[in-house]
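Chemist: Provided herewith is a single structure, encoded as C-alpha cells, for subsequent inquiry.
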Amino acid sequence: MVLAVVGLVGGFLDQAEAGELKGPGRFCGYSPIIDLLPGETITTLEGGVHAGKFRWEGPFGSLEVSGIGWASRPPGRIVVAQSGTRPALFAQRRTDGRYVVAIWNGAHAAAYFSSDSPFTPDQIRAIGRVALYQEGETPEGCNLRTIFAWD
C-alpha cells in the first residue's frame, strides 16, 4: 500500500514528490482540506485505505496531522461546535506524551493534530482553516492531493 501525492499540472494529474507540496494551493489529504498559504508545506508520512498522516509546516510551526475518512467521534470535550462546513474543534489534551487537538465533521471525518509542545494561538488559528471530507465525498478545487494506490 502506498500513499501517492498528485498535483494538477496543465489540467492533468501528475505524481509529485512530497517536498514539492508547497503553498499556495488547495491540499486534500485524507480527510483534511487545507488551503495552503505561501510558505506552508505538506510532507506525506504514511497512509492506508481509510486514513493518512502528514506533516504541515508554516509560520505557525510544525504539526503532525492524522486524517481519517471513516472515523467516529474523537474523545474529549468540544470547545467550538460544528457549524455548516466548519468542523467541531475539541479541547487540547495530552496523549502518549504529545499534545493533541481533534476536529470532526459530526459524521465520519476527523483529523488529529499533534505536537511535542502545547498548541500556540497561531496553531489553533491554522487548524481553524481546515475543512474535512469523508469517504464517498469528492472535494472540489484540489490541486494537491493524496490518493491511495496498491503498489
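The values are calculated or read from the model by the stated rules, or taken from the named source; none is laboratory data. Please read all numbers here as calculations on a predicted model, not as lab measurements. For neighbour counting, all protein chains shown are included, and Cβ atoms are generated from backbone atoms with ideal geometry for every residue, glycine included. Please note that ligands, DNA and RNA were not included when accessible areas were found on the heavy atoms of the full protein model with its side chains. Shrake-Rupley method; radii C 1.70, N 1.55, O 1.52, S 1.80 Å.
Chemist: Roll a 1.4 Å probe over the protein heavy atoms and report the accessible area of Ser72 in Å², nearest 10.
Modeler: 80
Chemist: In what order, largest first, do Lys22, Lys53 sit by accessible area if the probe radius is 1.4 Å?
Modeler: Largest accessible area first, the residues go Lys22, Lys53.
Chemist: Further question on the same structure: Counting other Cβ atoms within 10 Å, keep those with at most 12, restrict to DSSP loop, and tell me which trypsin sites (Lys or Arg not before Pro) in the stretch 64-123 are left. Don't skip to the answer; put the middle values down first.
Modeler: Numbers: sites: Arg77, Arg93, Arg94, Arg98; in loops: Arg77.
Of the trypsin sites (Lys or Arg not before Pro), the ones in loops of the stretch 64-123 whose Cβ has at most 12 other Cβ atoms within 10 Å are Arg77.
Chemist: How big is the convex hull of the Cα atoms of the stretch 63-151, per residue, in Å³?
Modeler: Hull volume over Cα atoms, normalised by residue count, gives 130 Å³.
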